[in-house]
Each structure stands twice: as structure tokens, then as C-alpha cells.
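Note sheet for the following structure.
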């Protein structure tokens, strides 16, 4: 009876550890999806003419992007050591091998957002803003993001 209880406890502990790791990975993925929603779900669609220009929506998305980007170093503090099931992209282990370099990629993104915030007034200025922000995001993605499928 004791062996059964011990085995069950060990299995439960193992399952909860895997679940905790998965929760961290999901939280990190959700962080990136939030930013992608602004960048690609709105800005890029407006630039391509797929969505009409809406100043209030642009301003709200820019504010959401600004608030989200500063959280990256905190959200990526813990290494989940596994990717989200069925995810297209994941976090490279390089993040935790060189966390200081990873964290150093955030201020240029926040600066790019600050530089364009309040200057977006139409599709043309949105494209300029998108390109400026995207250039800084890509700098991190090239090093610290991996394509899973």
C-alpha cells in the first residue's frame, strides 16, 4: 500500500512539474501573441489595405504594444525547457544561455515605439512606424526564436 501511495505521489509531482513548465511556455507564447495581435493583426492589415484605418484602434494597439513589450524580460525569466504543443514558433535556449543579451534587445524596441507613438496619423505614417518597430523586433527574433514547424 505504501509503495502505491509513494508511486502515485511521485507521478503526481512529475505531472505537476510538467504542467508548470507548460504553463510558463504558454505564458511566454501568449506574451508574443499579444504583441503580434497589434503588429500583424492590426497594423499590417491596415498597411495592406485589408482593414480600414481607425485612429482609435491604432492608438489602443500602440498603447497595448508599448505596455506588453516592457514585460518581456519578466515573462521570459523562467526557462520552460519545452515548447507549447502544436506551436509554430518557440523560444530558443539561447535566451537562458545569454539572458543579458536577450534582455538588452527590449530597450531598442521600447524606444522605437516611443519614437513613433503619437506620430501615426494615417496609413503612410503607420507603415513608417511599423517598419521601425518591426526592425527592432526582428533583431531579437533572428537570435532568440526558433521555428518549430
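A short reminder: the numbers here are calculations on the coordinates, not readings from a lab. Predicted model only: the values in this text are computed from it and were never measured. Using ideal geometry, Cβ is built from the backbone for each residue, glycine included, and neighbour counts are taken over all protein chains shown.
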Checklist outcome for this item: Taking only the alpha carbons of the chain, the radius of gyration and the largest Cα-Cα distance, Dmax, both in angstrom, are 19.2, 72
Checklist outcome for this item: Under the helix-only model (-39500 (n - 2.57) for each DSSP H run of 4 or more, divided by the residues of the chain), the mean residue ellipticity at 222 nm, to 500 deg cm²/dmol, is -22000 deg cm²/dmol
Checklist entry - Between residue 30 and residue 67, what FRET efficiency comes out of the Förster formula 1/(1 + (r/R0)^6) with R0 = 22 Å and r the beta carbon distance, rounded to 0.05? => result 0.95
Item to check | Folded to 0 to 90 degrees: helix 123-144 orientation relative to the chain principal axis, Cα | outcome: 30 degrees
Checklist entry - With each label point set 7 Å from Cα along the Cα-Cβ vector, what nm distance links residue 96 and residue 56? => result 4.4 nm
Checklist outcome for this item: Residues of region 125-140 with backbone N under 16 Å of the label point set 7 Å from the Cα of residue 48 along Cα→Cβ are 127, 130-131
Item to check | On Cα atoms only, tilt of 106-116 relative to the major axis of the chain in degrees | outcome: 30 degrees
